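Down below is the structure, laid out as C-alpha cells.
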Amino acid sequence: MTRAWWKEGIAYQIYVRSFKDANGDGIGDLQGIIEKLDYLKELGIDIIYLNPINKSPNDDNGYDISDFRDIMDEFGTLEDFDQLLKAIHENGQRLVLDLVINHSSDEHPWFIESRKGKDNPYRDYYIWHPGKDGREPNNWGSFFGGSAWQLDEATGEYYLHLFSKKQPDFNWRNERLQNEMKDMMGYWIDKGVDGFRMDAINHLEKDHSFPDGKVHEGQVYGNFIKYVQNLPEVHGYLKDIRNYALSKREDLVLIGETGGVSYDNAFIYTGIDRGELDMTFHFDMHSVGKGKKDWERRPIRLIDEIKDKFTGWQSREEEDGWCPIFYSNHDTTRTVSRLGDDKKYLKESAKMLATLQLTGRGTPFIYNGDEIGMTNAYEYGLEDYRDVAVFTKYKDFVESGLVSAEDYLKGLHLTSRDNSRTPMQWNDSQYAGFSSDEPWIKVNKNYKEINVEAQMKDPNSILNYYKEMIQVRNDNPVLVYGDFKEINHDDEELYVYMRSLEDKEVLVIINFYDKKPVFNLPSGLAKSDLELIISNYSCKDNDRNEIELRPYEVRVYRIV
Ligand code: TEU
Ligand code: CA
C-alpha cells in the first residue's frame, strides 16, 4: 500500500460560518478558527477541510463565488487567511480548501459581462440557450427545486443553473475558462494550500443537446441527472486539472465531491492509473433511512444501507484508489440523529458511530460538532431555516399541494441541511460560546447539555471517546493500512470485521441498535485470544466463548 499523509491523517470538516465568531458579528470567521486550532490539535486532527471561504453574496453560503482569489468579507481578509495557514502548518496540520468550479455567483464579473450580450467575449463562459415555444429550453429541475433555467431579459435567452438561479453553471468546453480555473488553483497552491475538495466536480460536463428528462411520480420537473453527471468529458477535464496542479506541487491531495458514485464505480475517478482524483466524497450516507418523499425518513437497515456500503468501500483493491470515511457534512443532517439514537442512547450510539468511522480503512472526515454528538434542531420553526433549498422546495412541495406546511416542517427537522449548520456548541454561555452576538442561524436549544467545555471535563464524554479512539487508530497502523474482512454479513444487528496487517489483527464488534445481541466467536478464536483495546461500555464478561452486547455497544479487540 503506497503511504501518503492524506491516508494516515485524521481530517475534520469546518463549516466556517457556524464554527467560531471572533469579531462578534454572529458569523463564524477565520480568526475564530485560529482561536480553536489548539482544540483541534488536542483532539488529534491532522487535516482541516474548510467549506468555501471565497467572496460570495452567500445565496448558497459560499458555494456561489463572486471572487475566487479573495476571502469572503464576513470571514475576514487574505491576511487572516495567511495567518491561519501559517498557524495550521506550525501545528503540523494541513489545509484543504473547497474548490467550487462547476459554477460561479451571478454577481461574478465574468457573469455580469456574459449576460451583457450574445457577442460578449465572456458569453460562453456560461451555458446560454434560447427558449422553446416561449418557455425554458427543457423540463430540467434544479437540485434546489424550480426550473434549472433562468430567463435573462437583456438577451432573451436562458442560462443553466443546476443549483440556485444565482449559481450559473460554467461552460467547461471553453478553453479560456479552463485556463482561468487552473490559474486560480495555482494561486492558492502558491499560497501553500495542501489540497482541494472539488465541489460537484462530476457535473462539469453537460449534454448540450439538452433533452427533456423523465418526470417521476411526485416530481414537478424532469430528471436530468444522466445528462449532467459523470459524462465522459469530465475525465479529460480532471486529468488536465490534476496534471497542472501536481506540476506545481507533487504531494497535493485532490478530493472530488461526486454524487452518483459509490464503491463499485469510484475507480473511474480514483483509480491509481486514471490520474484524476485521490478520493471521492460520495453520497452513500446521505440517503440512508431516506423516506419515499423528500421530507420523510424511515428506520435504517443495517445490512444493505450500512454494511454493504462500508464493506464495499473497505473491500476495494489498492489500484481502485483510496476513500474518505464520513457520515455527515454540511449537506446532510447530524450523524447521531440520522444514524444513531439522539434521545435515549446519545452517548452510546455516538461513540458506536465514532468507532465504525475510526476503525475503517480510509481517511476519517469528522464533521464539526459530531465529536460532541450535536443533534438535529427539532425545535426550529420555518422562519429559523436559512438554506436556500428549504424555500425553493417549499414552493415545489407545499405550494403545489404535495404536502402540508406542517408536515413539511416536521420533515425539515429530519432532513434539512440546516440541521448540520447550527452554531458549534463550545459552552453553556449565551449563543453556546460561538458568538457574543445573535448568530446568523439559531443555536440548537440543547447547547447547555451538549457542549465542548462540559465534555472536556467528563472522562466518559463523546468528545473524550473520540480523542481516545483517534489515539487508538494512531497507535495501530493496522487500522489505517490493514486489510478488512467482514464476519457474518447477514447478521441484522451486529457489524463485525477483522483488520489485519502483517502479524497484527484487530477484531471490531459493533451493535448497531438498542438491542442485546450475542456474538459467538468464530471457530478457532477463543476469549483468551482477545485483548480489549477500547469499548464504549465498561466491559462485563461471561466465561463462555460468546460476547453479549448492550445497546449500541462496541468492542475493539487486539488478537494476541
Ligand atoms: O453539493 C453538490 C450536490 O449537491 C450535487 O452534487 C448533487 O446533490 C449530487 O450530484 C446528486 O447526485 C455541493 C455542495 O456540497 C453543496 O453544499 C452546494 O449547495 C452545491 O454543491 C452547489 O455548490
Ligand atoms: Ca464573525
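The values are calculated or read from the model by the stated rules, or taken from the named source; none is laboratory data. On a predicted model such as this, the values are computed, not experimentally measured, just so you know. Neighbour counts run over all protein chains shown; Cβ positions are idealised from the backbone, glycine included. To get the accessible areas, we keep the full protein, side chains included, count just its heavy atoms, and leave off ligands, DNA and RNA. Shrake-Rupley method; radii C 1.70, N 1.55, O 1.52, S 1.80 Å.
Quick one: in the stretch 486-511, which of the residues that are open to solvent by 10 Å² or more (accessible area, probe 1.4 Å) and among the aliphatic types (A, V, I, L, M) is nearest to residue 530 (Cα to Cα)? Within the stretch 486-511, the match that is nearest to residue 530 (Cα to Cα) is 498.
Quick check: is even one residue across the stretch 92-111 in a loop (DSSP other than H, G, I, E, B) and free of Cβ contacts under 8 Å to residues at least 24 places away in the same chain?
Looking only at the stretch 92-111, we keep the residues that are in a loop (DSSP other than H, G, I, E, B), and these are 92-93, 100-102, 104-108.
Filter again for free of Cβ contacts under 8 Å to residues at least 24 places away in the same chain, leaving none.
No: the stretch 92-111 contains no residue that is in a loop (DSSP other than H, G, I, E, B) and free of Cβ contacts under 8 Å to residues at least 24 places away in the same chain.
Scanning the stretch 112-144 for residues that are hydrophobic (A, V, I, L, M, F, W, C) and either open to solvent by less than 50 Å² (accessible area, probe 1.4 Å) or over 32 Å from the mean Cα position of the chain (by Cα) (or both) yields 127, 128, 140, 144. From the list 111, 75, 81, the lone residue that is of a type in the set (A, V, I, L, M, F, W, C), more than 16 Å from ligand 2 (Cβ to nearest atom) and on the phi < 0 side of the Ramachandran plot is 111. In the stretch 30-51, the qualifying residues are those that are touching a strand residue (DSSP E or B) at 6+ places or on another chain (Cβ under 7 Å) and either open to solvent by 10 Å² or more (accessible area, probe 1.4 Å) or of a type outside the set (A, V, I, L, M, F, W, C) (or both), and the one that is nearest to ligand 1 (Cβ to nearest atom) is 51.
Is it true that some residue in the stretch 512-524 is within 19 Å of residue 313 (Cα to Cα) and either surrounded by 21 or more Cβ atoms within 10 Å (Cβ to Cβ) or within 30 Å of the chain's Cα centre (by Cα) (or both)?
From the stretch 512-524, those within 19 Å of residue 313 (Cα to Cα) are 512; that's our starting set.
Applying the additional criterion that residues be either surrounded by 21 or more Cβ atoms within 10 Å (Cβ to Cβ) or within 30 Å of the chain's Cα centre (by Cα) (or both) yields 512.
Yes: the stretch 512-524 contains one or more residues that are within 19 Å of residue 313 (Cα to Cα) and either surrounded by 21 or more Cβ atoms within 10 Å (Cβ to Cβ) or within 30 Å of the chain's Cα centre (by Cα) (or both).
Restricted to the stretch 330-348, and to residues that are surrounded by fewer than 24 Cβ atoms within 10 Å (Cβ to Cβ) and under 14 Å from the mean Cα position of the chain (by Cα), which residue is farthest from ligand 2 (Cβ to nearest atom)? This residue is 332.
Within the stretch 281-299, which residues are farther than 19 Å from residue 218 by Cα and touching a residue at least 60 places away in the same chain (Cβ under 8 Å)? So that I can check it myself, show each step before the final result.
The first filter runs over the stretch 281-299 and keeps only residues farther than 19 Å from residue 218 by Cα, leaving 281-286, 288, 299.
Across the stretch 281-299, the qualifying residue is only 281.
In this structure, does residue 371 turn out to be of a type in the set (D, E, K, R) and over 16 Å from the mean Cα position of the chain (by Cα)? The answer is no for residue 371.
What's the total number of residues in the stretch 1-21 that are in a loop (DSSP other than H, G, I, E, B), open to solvent by 10 Å² or more (accessible area, probe 1.4 Å) and within 16 Å of ligand 2 (Cβ to nearest atom)? Give the steps one after another, and end with the answer.
So in the stretch 1-21, the residues in a loop (DSSP other than H, G, I, E, B) come out as 1-4, 9-10, 15, 19-21.
If we keep only those that are open to solvent by 10 Å² or more (accessible area, probe 1.4 Å) too, we end up with 1-4, 20.
Filter once more, keeping what is within 16 Å of ligand 2 (Cβ to nearest atom): 20.
The total comes to 1.
Take the conditions open to solvent by 20 Å² or more (accessible area, probe 1.4 Å) and touching a Ser or Thr at 6+ places or on another chain (Cβ under 7 Å) and apply them to residue 221. Does it pass? Don't jump to the end; show me each part of the working.
Values: open to solvent by 20 Å² or more (accessible area, probe 1.4 Å): yes; touching a Ser or Thr at 6+ places or on another chain (Cβ under 7 Å): yes.
It is true that residue 221 is open to solvent by 20 Å² or more (accessible area, probe 1.4 Å) and touching a Ser or Thr at 6+ places or on another chain (Cβ under 7 Å).
Note on the stretch 59-91: residues that are assigned to a loop (DSSP other than H, G, I, E, B) and either within 13 Å of ligand 1 (Cβ to nearest atom) or in contact (Cβ under 8 Å) with a residue 60 or more places away in the chain (or both) total 7.
Counting only residues that are open to solvent by 40 Å² or more (accessible area, probe 1.4 Å) and in contact with a strand residue (DSSP E or B) (Cβ under 7 Å, 6 or more places away or on another chain), the stretch 250-300 holds 2 of them.
For (1) within 25 Å of residue 29 (Cα to Cα); (2) in contact (Cβ under 8 Å) with a residue 24 or more places away in the chain, each residue gets a yes or a no:
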site: 380; (1), (2): yes, yes
site: 424; (1), (2): yes, yes
site: 432; (1), (2): yes, no
site: 460; (1), (2): no, yes
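Just a yes or no: is a residue in the stretch 539-554 at pLDDT below 95, part of a strand (DSSP E or B), out of contact with any Asp or Glu (no Cβ under 9 Å at 6 or more places or on another chain) and not polar (S, T, N, Q)? Yes, because at least one residue in the stretch 539-554 is at pLDDT below 95, part of a strand (DSSP E or B), out of contact with any Asp or Glu (no Cβ under 9 Å at 6 or more places or on another chain) and not polar (S, T, N, Q). Per the conditions (1) over 25 Å from the mean Cα position of the chain (by Cα); (2) not in a helix (DSSP H, G or I), the sole criterion not satisfied by residue 396 is (2).
Residues in the stretch 3-29 that are touching a strand residue (DSSP E or B) at 6+ places or on another chain (Cβ under 9 Å), among the hydroxyl-bearing types (Ser, Thr, Tyr) and within 16 Å of ligand 1 (Cβ to nearest atom): 15 only. For the stretch 22-29, the condition of being away from ligand 2 (no atom under 16 Å from the Cβ) and open to solvent by less than 10 Å² (accessible area, probe 1.4 Å) holds for none of the residues.
Of everything in the stretch 423-457 that's small (Gly, Ala, Ser) and surrounded by fewer than 19 Cβ atoms within 10 Å (Cβ to Cβ), which residue is nearest to ligand 1 (Cβ to nearest atom)?
Within the stretch 423-457, the match that is nearest to ligand 1 (Cβ to nearest atom) is 436.
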